[in-house]
Amino acid sequence: MSLNAQVPDSINYYNENAQIFFERTIEKDFSEVYDLFIPHLPKGSKILDAGCGSGRDSQYFLAQGYDVVAFDGSQNMARLARQLTGLTVQHKSFSDINSEEEFDGIWASASLLHVPKSELQDILHKLKKSLKPQGVWYISFRYGEGEHIEDDRYFNDQTEISLRDIMEQLGGIEILHVSVPESLRSHRGYKFTVCILRKN
């Protein structure tokens, strides 16, 4: 499905529902996907938590001895993540990314799924540029096909096949792992497609 109408600004949803979203996601067990990502990164590596939401993952990486930089497009989510982690969580969008070969790892957990399909390749290029050579990248999308709107939020869903296609189009990236982990389900039962990548 292709959306011809103007897509909603998903950030508004997170600003208005920040506390609810925080409480819903803060205790989620992500150990299965942490274990896919962490072995590729030496202790002390610099990780960008891109679209950090509650700050749950940033908090975990900090506890494991990593240097973490985090941002979120929602001002209210960034504030809650700041309170949780003690980090200077930046309030900015993916389009504001302008670093070059700065990070050893990028963690983009269920955040790029709100980027309109028409803009996704440009955002992925920005993220790839900010990753060091041989840097490792985690991304996840809701499992599915096409685009849809739910709760005034835009979603760009991906299957294992479509996500592989997108990353192959991006180029300069080795796909290390793609799966749909059973442990990763939303409170409504949605599954997620996850991918681990390495920059060539």
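For this structure, a couple of remarks:
- Qualifying residue in region 14-34 (condition: surrounded by 14 or more Cβ atoms within 10 Å (Cβ to Cβ), over 24 Å from Gly189 (Cα atoms) and among the β-branched types (Val, Ile, Thr)): no
- All positions within region 170-190 that are modelled with pLDDT under 95 and outside any loop (DSSP other than H, G, I, E, B): Arg185
- Residue that is surrounded by the most Cβ atoms within 10 Å (Cβ to Cβ), among those in region 145-169 that are modelled with pLDDT of 95 or more and β-branched (Val, Ile, Thr): Ile166
- Residues of region 166-200 that are closer than 22 Å to Gly146 by Cβ and hydroxyl-bearing (Ser, Thr, Tyr): Ser179, Ser186, Tyr190, Thr193.
- Residues of region 98-119 that are more than 10 Å from the chain's Cα centre (by Cα), under 20 Å from Asn200 (Cα atoms) and either surrounded by 18 or more Cβ atoms within 10 Å (Cβ to Cβ) or small (Gly, Ala, Ser) (or both): Ser99, Phe103, Asp104, Gly105.
- Per the conditions (1) closer than 22 Å to Tyr190 by Cα; (2) free of Cβ contacts under 8 Å to residues at least 12 places away in the same chain, the sole criterion not satisfied by Ala108 is (2).
The values are calculated or read from the model by the stated rules, or taken from the named source; none is laboratory data. A quick note: this is a predicted structure, and the numbers were derived from the prediction, not measured. Every residue, glycine among them, receives a Cβ derived from its backbone with ideal geometry; neighbour counts consider all protein chains shown.
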